[in-house]
Amino acid sequence: MNDTRNPERLHQDFEAVWGNPRGWRALSAVNHSSIGLRFMVTGTLFFLIGGLLAMLLRVQLARPDLPLIDPRTYSQLFTMHGSVMMFLFAVPMVEGLAVYLIPKMLGARDLVFPRLSAFGYWCYLFGGVILVSSLALGLAPAGGWFMYVPLSGDAHSPGVNPDFWLLGITFVEISSVAGGIELVVSILRSRAPGMSLDRMPLFAWYILVTGLMIVFGFPPLILGSILLELERAAGFAFFDVARGGDPLLWQHLFWLFGHPEVYIIFLPAAGIVSTLLPVFARRPAVGYRWLVLAVIGTGFLSFGLWVHHMFTVGIPLLGQAFFSAASMLVAVPTGIQVFAWLATLWTGRPLFNVPMLWLAGFLVIFVAGGLTGVMLALVPFDWQVHDTHFVVAHMHYVLVGGMLFPLVAGLYYWLPHFSGRLPSAQLGRWGFWLTFVGFNATFLVMHWTGLLGMPRRVYTYQAGLGWDLPNLVSSVGSFVMAMGVVMVLLDIGLHFRFGRRAGDNPWRADSLEWATALPPASYNFVSLPACTGRHPLWENPALGRGIAEGRHGLSIVDHGRRETWGSDPLTGQVREIIHLPGNSWLPLYAALVLTLVCLSLLNGAYALAGVAALATLGILLRWSWVNGAHPLAAPDERTQPGDPPLHSRTFDGPGLWGMGTALLANGVLFFSLIFAWFYLWTVAPKWRPPAQSPLPELPLLLDGLLLTAIVLGFHRLVRRLRRGEQRRLEAGLWTLAGLGLLQAAWLARILVAMPLAPAASAHDALIATTLGYLLLHCALAPLFSALQAWRVCLGLVGERAPYEPAVVLQWWDYCLLVFWVSYFALVLFPRGIGA
Amino acid sequence: MRPGHPLQLALGLIVWSLWLVAVYAGLSLGCLSVRPDAGLGVGSWLNELLGLLTLLTAAWLFGCAWRLWRTPPPVLAARRFVVRVGAWVHLLAAVATLFVGLPIMALPPCL
């Protein structure tokens, strides 16, 4: 607490520590505001590309038998439209908004892993450029945004077109998962003092659930993409029936991701609605607890719906009925939210300005989309309209209504944050009405086109089938909608120059992001306020002034560290000071080298890809090195009297949570692989396990026992460190690293010596992939341990900075878990069933 | 797990997720391994097994919800919040289990 210093001087001091470098060095910035804005600007550019592709599709379908676009190009256009909109616009855009807003709403200065956010952005940018470049090169994928096999397999798509998708999208997904981990840990561990779970802003609840959904939802597709790329590039058998695979495995992996993806897009947008509506209704949201319950319920139930995308593939009726029921059930938590929003409006004193127009449009369109969703959940109806334009219409009602409309509302609402100015109400209203009318003209009519039987993904149609007029109306409507989007962009562009100054808290909002300057400084808050309720700015409208004057916590910066509070996940009570890394080139370098990996794989230069992968590992290890007590991180552990210790001097910093969350994502990927094993074993029509298992049981068992002993030893070391005993820590770590290396080498030898034929049988392909996965993890564990030993030697880790071995321990535990699960699945299960 | 533990906010629906995986996998495995006689309809051993699992899971979830409702309100507001929302999460999970499991009483397993 400090109330005597000059605020201007304080600002300069903080800016010296937190500010972004200028010129080309700005590429090394890791600040969450900059990264969030970069995500959103890049997402908007991809949105325009995706929109342009949609316009081309609508031009082609405006009249029957139009010769403008050939079938091949048309397939590329709709594939890229879907892929760009889903992967390069929708998810990054909402993640970008969350990256920008969450620390400000939580009363923090940054996210807890700023370099990870920056890395995520570069992965997204480079992955997106790789994917979109395929269009310019005439090599775009043409198998639909879901890339079903066998169409996307080597036999039917022999060029590199699907590889652009598989590699580019996987790259982008790394970004999404990184963002998910970052957001989850930040929300749980860096809230303002006193911001307990029951006081957390609703938007943070939505983003917390979304982040966890990303962590659990994206890995199945990452695995699917790896398997399909292995099949295409190395000839492994996973999806080829003749070799014991099954194309339906791809559909399961894709939709295990694909359906939660819809809610990953929707929930942040619903979070925007739950944030804005109370502000414009001028009262707190009705049913805070109900909304939290609905968000959690939606997050879980949305994972139980994936099979409704597969109702026509021949699943038993009872199985379909389970997923039909679950698909209807998910409407319940969504309905709770809609009723809570309506009740907030009903009991409030709503102001109908531009953001509210977009929210009203959202309510109308999304509810309509939800209702057609319930129709599609009915299996017989789904059979009738499957693969028709009805589904296209439903999907756009849900996605555009459920995401784009709230997003635009949010952008209008938070524009003063980006510019300090307000947009034009006149242009904003024109933009809304053109978009709303154009959207409904396009997609409402498309329901009828679908019911009249017009299939999706056909590049043209004959006259006289009754599809001419509705298609023409849809095409005209799409251009009206495009005019609306242009109007919105024009308004946003012009407001930076002509918009009137916003002033403090222009909407009289309740949440902490409006307690910053407009636009905010790089550190958000000079001093970090305590939170005494759900609506800090309604409870204390002068809070922003007090914050700017340095009257709250952590207002000292002469130590040169970037700091924010580390808090208890439940109560929000302060536990430690999290010190954050500063600007760094490492995220950009890592992403660049990873781009080289992708491009090498795309061109079949596997040796170069291997070298680049090793270089990536080297950069990431360097990244992990500059942490904790490192001279470039926080060598000085002193804090102000009464303040808690730095997180790196405790046993429970954000890195521990970050590693845990990352391993959750990793575990989902691994269990998806194990699912593939059991799935093919039970379902694939030509699955043929060999008479004699190729796995050497005893050597594998001994290798596992060695791994178990190492992990137990590591636990013992960490336990002793917790008790403050540093004696023999370095020697112990070196020993365990050496033993770990031996264990990994042994595993490698087993893998190499096995007579596997992964190109001939799915059975062998899955064994090779699972063991390869194990080997990769078991090889990294001793490397991490050796680095820890070295850090102990240098005095960077020890009883005064005991935190890092506990982080590495989680990796070892994970290796142990996946080893024994694999042993059960690959060795014991086949033997148990007599195969 | 203690009533005020934050994981109560997810526990019920985690159990629901596991139940869904178990009935879907159980149905597939049952139909592939020991396919019940088609003439038995919904009276097959597979329907009975899946139905029993559904009832047991729902009963457990209702029990958890009831236990949380009956918990004396903790002093700490954040824990009170967890207990209340956790009870509703368990109740939602129980209802979801029964609703999604309802077709077990109406459809034969392997058609």
If I filter region B:14-36 down to residues being more than 10 Å from chain A (Cβ to nearest Cβ) and without any contact (Cβ under 8 Å) to a residue 60 or more places away in the chain, which single residue comes out as nearest to the chain's Cα centre (by Cα)? B:18
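Filter region A:72-99 down to the residues that are of a type in the set (A, V, I, L, M) and surrounded by fewer than 24 Cβ atoms within 10 Å (Cβ to Cβ), then identify the one that is nearest to residue A:127 (Cα to Cα). It would help to see each step written out before you state the result.
If we filter region A:72-99 for residues that are of a type in the set (A, V, I, L, M), which is where we start, we get A:77, A:80, A:84-86, A:88, A:90-91, A:93-94, A:97-99.
This time we only want the ones that are surrounded by fewer than 24 Cβ atoms within 10 Å (Cβ to Cβ), so: A:77, A:86.
Details: A:77: 18, A:86: 14 Å.
Step by step, filter region A:72-99, then rank; the result is A:86.
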Across region A:545-578, which residue is farthest from the other protein chains (Cβ to nearest Cβ) among those that are within 15 Å of residue A:642 (Cα to Cα) and touching a Gly at 6+ places or on another chain (Cβ under 6 Å)? A:576
Among (1) touching a Lys or Arg at 6+ places or on another chain (Cβ under 6 Å); (2) within 21 Å of residue A:166 (Cα to Cα), residue A:637 falls short only on (2)
What is the number of the single condition among (1) more than 13 Å from every other protein chain (Cβ to nearest Cβ); (2) surrounded by 20 or more Cβ atoms within 10 Å (Cβ to Cβ) that residue B:43 does not meet? (2)
Quick check: is even one residue across region A:62-71 in contact with a Phe, Trp or Tyr (Cβ under 9 Å, 6 or more places away or on another chain), part of a helix (DSSP H, G or I) and crowded, with 20+ Cβ neighbours inside 10 Å? no
Does region B:50-66 contain any residue that is in contact (Cβ under 8 Å) with a residue 60 or more places away in the chain and either surrounded by fewer than 21 Cβ atoms within 10 Å (Cβ to Cβ) or under 27 Å from residue A:302 (Cβ atoms) (or both)? no
Given (1) buried (at least 21 other Cβ atoms within 10 Å of the Cβ); (2) more than 25 Å from residue A:366 (Cβ to Cβ), residue A:409 misses just (2)
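If the requirement is being in a loop (DSSP other than H, G, I, E, B) and either within 26 Å of residue A:665 (Cβ to Cβ) or of a type in the set (Gly, Ala, Ser) (or both), which of these qualifies: A:175, A:157? Reasoning before the result, please.
Numbers: A:175 fails: in a loop (DSSP other than H, G, I, E, B).
Only one candidate passes the filter, namely A:157.
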Based on this model, can you work out whether residue A:249 counts as within 14 Å of chain B (Cβ to nearest Cβ), part of a helix (DSSP H, G or I) and closer than 29 Å to residue A:766 by Cβ? yes
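Each row is one residue, and each column tells you yes or no for (1) modelled with pLDDT of 95 or more; (2) touching a strand residue (DSSP E or B) at 6+ places or on another chain (Cβ under 7 Å); (3) surrounded by fewer than 20 Cβ atoms within 10 Å (Cβ to Cβ); (4) over 22 Å from residue A:809 (Cα atoms).
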site	(1), (2), (3), (4)
A:745	yes, no, yes, no
A:754	no, no, yes, yes
A:763	yes, no, no, yes
A:772	yes, no, yes, no
A:787	yes, no, yes, no
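I'd like to check something: does region A:204-218 contain any residue that is in contact with a Cys (Cβ under 7 Å, 6 or more places away or on another chain), surrounded by fewer than 24 Cβ atoms within 10 Å (Cβ to Cβ) and either within 14 Å of chain B (Cβ to nearest Cβ) or over 17 Å from residue A:92 (Cβ atoms) (or both)?
Going residue by residue through region A:204-218, those that are in contact with a Cys (Cβ under 7 Å, 6 or more places away or on another chain) are none.
Within region A:204-218, not a single residue is in contact with a Cys (Cβ under 7 Å, 6 or more places away or on another chain), surrounded by fewer than 24 Cβ atoms within 10 Å (Cβ to Cβ) and either within 14 Å of chain B (Cβ to nearest Cβ) or over 17 Å from residue A:92 (Cβ atoms) (or both).
Name the residues in region A:646-664 that are over 30 Å from residue A:560 (Cα atoms) and either within 14 Å of chain B (Cβ to nearest Cβ) or crowded, with 22+ Cβ neighbours inside 10 Å (or both), would you? Let's see the steps before the verdict.
Looking only at region A:646-664, we keep the residues that are over 30 Å from residue A:560 (Cα atoms), and these are A:663-664.
Listed by number, the list holds a single entry, A:664.
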For residue A:639, only one of the following conditions fails: (1) surrounded by 16 or more Cβ atoms within 10 Å (Cβ to Cβ); (2) within 25 Å of the chain's Cα centre (by Cα). What is its number? (2)
All-but-one check, residue A:33 against (1) assigned to a helix (DSSP H, G or I); (2) surrounded by fewer than 22 Cβ atoms within 10 Å (Cβ to Cβ), failing number (2)
Could you please find all residues in region A:575-598 being more than 17 Å from residue A:175 (Cα to Cα) and out of contact with any Ser or Thr (no Cβ under 8 Å at 6 or more places or on another chain)? A:581, A:582
Kindly indicate the residue of region B:95-111 that is of a type outside the set (Val, Ile, Thr) and within 20 Å of residue A:303 (Cβ to Cβ) and also farthest from the other protein chains (Cβ to nearest Cβ) among those meeting that condition. B:98
Filter region B:55-94 for residues that are in a loop (DSSP other than H, G, I, E, B) and away from chain A (no Cβ under 14 Å); the one that is farthest from residue B:2 (Cα to Cα) is B:72
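Can you confirm whether residue A:782 is at pLDDT below 95 and not polar (S, T, N, Q)? Outline the logic, then answer.
Working: at pLDDT below 95: no; not polar (S, T, N, Q): yes.
So residue A:782 fails the test.
Taking helices (runs of 4 or more DSSP H) that fall entirely within region A:284-353, which contain at least 3 residues that are out of contact with any helix residue (DSSP H, G or I) (no Cβ under 7 Å at 6 or more places or on another chain) and closer than 22 Å to residue A:267 by Cβ? Break it down into steps so the answer makes sense when it comes.
Working: elements: A:288-301, A:317-329, A:331-347.
Result: A:331-347.
So which of A:306, A:290 ends up being in contact with a His (Cβ under 7 Å, 6 or more places away or on another chain) and either crowded, with 23+ Cβ neighbours inside 10 Å or in contact (Cβ under 8 Å) with a residue 40 or more places away in the chain (or both)?
Details: A:290 fails: in contact with a His (Cβ under 7 Å, 6 or more places away or on another chain).
That would be A:306, the only listed residue that is in contact with a His (Cβ under 7 Å, 6 or more places away or on another chain) and either crowded, with 23+ Cβ neighbours inside 10 Å or in contact (Cβ under 8 Å) with a residue 40 or more places away in the chain (or both).
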Reported set for region A:301-327 where residues are facing chain B (nearest Cβ under 8 Å) and farther than 22 Å from residue B:110 by Cβ is A:301, A:303
In region A:391-445, the residues that are charged (D, E, K, R) and out of contact with any strand residue (DSSP E or B) (no Cβ under 9 Å at 6 or more places or on another chain): A:429
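Quick check, is residue A:354 farther than 26 Å from residue A:457 by Cα, touching a Lys or Arg at 6+ places or on another chain (Cβ under 8 Å), surrounded by 21 or more Cβ atoms within 10 Å (Cβ to Cβ) and of a type outside the set (Asp, Glu)?
Working: farther than 26 Å from residue A:457 by Cα: yes; touching a Lys or Arg at 6+ places or on another chain (Cβ under 8 Å): yes; surrounded by 21 or more Cβ atoms within 10 Å (Cβ to Cβ): yes; of a type outside the set (Asp, Glu): yes.
Answer is yes for this residue.
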Where residue A:595 falls short, out of the listed (1) polar (S, T, N, Q); (2) within 27 Å of residue A:154 (Cα to Cα); (3) touching a residue at least 60 places away in the same chain (Cβ under 8 Å); (4) surrounded by fewer than 20 Cβ atoms within 10 Å (Cβ to Cβ): (4)
Restricting region B:1-13 to residues that are more than 10 Å from chain A (Cβ to nearest Cβ) and in a helix (DSSP H, G or I), which is surrounded by the fewest Cβ atoms within 10 Å (Cβ to Cβ)? B:11
Take residue A:550 and tell me if it is at pLDDT below 95, crowded, with 21+ Cβ neighbours inside 10 Å and on the phi > 0 side of the Ramachandran plot. yes
State whether one or more residues within region A:446-455 are surrounded by 14 or more Cβ atoms within 10 Å (Cβ to Cβ) and either of a type in the set (Ser, Thr, Tyr) or over 25 Å from residue A:75 (Cβ atoms) (or both). yes
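The values are calculated or read from the model by the stated rules, or taken from the named source; none is laboratory data. Bear in mind the structure is a predicted one, so any value in this text is a computation, not a measurement. Glycine gets a Cβ as well: all are built from the backbone with ideal geometry, and neighbour counts include every protein chain shown.
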